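Everything below concerns the one structure shown next.
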Amino acid sequence: MDFEEVYKKERVTRKFTNRKVSDKLIIKVVKDAQHSPSLLNSQPWRAYAITDNALENFKKESQKRNDDGVEPNEDFASMLSLDWDTFPSQNMANMGAAQAYFFRNKIDLFNKSNYEMFNAPAIVFLTVPKVSPAWSVFDLGIFAQSLMLSAINNGLAVMPAHSLVSYPDLARKYAGIPEDESVGMAIGLGYPDRGAQVNDPKFFPARVPFEKIFKLSK
Ligand SMILES: Cc1cc2nc3c(=O)[nH]c(=O)nc-3n(C[C@H](O)[C@H](O)[C@H](O)COP(=O)(O)O)c2cc1C
């Protein structure tokens, strides 16, 4: 696919069809992501994919926790500050307002799609060692983006979601993640359900004006 096209297609998908993703494709996109740069080539990332029974069981147990009102306990929330500066806070507030405006009273579509884990047929958990500097989290972000761009280039749709790592112990249990790794992020992979309202392409979370994020000095 043309590179510009890959970038344009990088929108999140909150509902996938039941079509499975082949193991071969999952392996390919993770392998592609290994090309990512990292501080001193530290390559702190690891990727753990779940599909089929492992995913179904992970989902069932996560949903039960959710139904029982168990508070999410993400690894990164305990590792990093939860404070946000005004700039990202404002952007998140704008995103919330845009959702409420576009979907009117159907905002529960978003909660439902998160609860259902987007019906993703494959989930890839991304980790870094628990003992990690901020650099490693930065490197993991690059790795995640490489993985997603490769996935899109290979005809998949992507759903990066912190809601998928609400209960890291369950990710550990079903994906075989060791105790000494932080479950940072997860990415759902699959094929988009184009008829699903929650995937309406007209809902496009705006990016802030370019001049707010860029300055060129000479
Ligand atoms: C690190 C990260 C975590 C995210 N977590 C969630 C999530 O838990 N639930 C969700 O619905 N969307 C989640 N998103 C998707 C963002 O809300 C989405 O990327 C943003 O609103 C811009 O939309 P777009 O990617 O379709 O342009 C996450 C995205 C990233 C990069």
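The values are calculated or read from the model by the stated rules, or taken from the named source; none is laboratory data. This structure is a prediction, so every number in the text was calculated from the model and none was measured. Methodologically, a virtual Cβ is constructed for each residue, glycine included, from the backbone with ideal geometry; neighbour enumeration extends over all protein chains shown. Note: accessible area is taken over every heavy atom of the protein model, side chains too, but ligands, DNA and RNA are not part of it. Shrake-Rupley method; radii C 1.70, N 1.55, O 1.52, S 1.80 Å.
A 1.4 Å probe over all protein chains sorts E211, E74, E116 by accessible area into E211, E116, E74, starting with the largest. Any idea how far the Cα center of the stretch 43-69 sits from the one of the stretch 96-124, in Å? Measuring centre to centre over Cα atoms gives 18 Å. Helix-only arithmetic for the chain: the sum of -39500 (n - 2.57) across DSSP H runs with n ≥ 4, divided by the residue total, places the mean residue ellipticity at 222 nm at -13000 deg cm²/dmol.
Tell me, rounded to the nearest percent, the portion of alpha carbon pairs in the stretch 45-152 spaced more than 22 Å apart.
53
Modelled label positions at S42 and L216, each set 7 Å beyond Cα in the direction of Cβ, lie 3.3 nm from each other.
Calculated FRET efficiency, K8 and K60, Cβ-Cβ r, R0 45 Å, to nearest 0.05?
Working: r = 36 Å, r/R0 = 0.80.
After rounding to 0.05, the efficiency reads 0.80.
Other residues lying with their Cβ under 12 Å from the Cβ of H162 contribute a combined charge of -2, Lys and Arg counting +1, Asp and Glu -1. Heavy-atom accessible surface of Y174, to the nearest 10 Å², is about 60 Å², with a 1.4 Å probe and all protein chains retained.
By the scheme Lys and Arg +1, Asp and Glu -1, what is the net charge of all other residues having a beta-carbon under 11 Å from that of S132? Don't jump to the answer; show the numbers that get you there.
Working: positive: K130; negative: D75, D139, D180, E181.
Around S132, the charge tally is -3.
So for the chain, what percent of the C-alpha to C-alpha distances run longer than 24 Å? In whole percent, the share of Cα-Cα pairs in the chain beyond 24 Å is 47. The portion of the accessible surface of the chain made up by carbon and sulfur, rounded to a whole percent, is 55 (1.4 Å probe; DNA, RNA and ligands excluded).
Please give the net charge around F16, taking every other residue with its beta carbon less than 12 angstrom from that of F16, where Lys and Arg add +1 and Asp and Glu add -1. Value of the local net charge: +3.
Think of a 1.4 Å ball rolled over the protein heavy atoms: the stretch 6-61 then has 65 Å² of accessible area per residue. Rolling a 1.4 Å probe across the protein heavy atoms gives the stretch 149-218 an accessible surface of 54 Å² per residue.
What is the gain in length, in nm to one decimal, between K24 and F103 on full extension, counting 0.36 nm per residue of separation less the C-alpha to C-alpha distance?
Values: separation 79, 0.36 × 79 = 28.44 nm, distance 3.67 nm.
Once the chain is fully extended between K24 and F103, it gains 24.8 nm.
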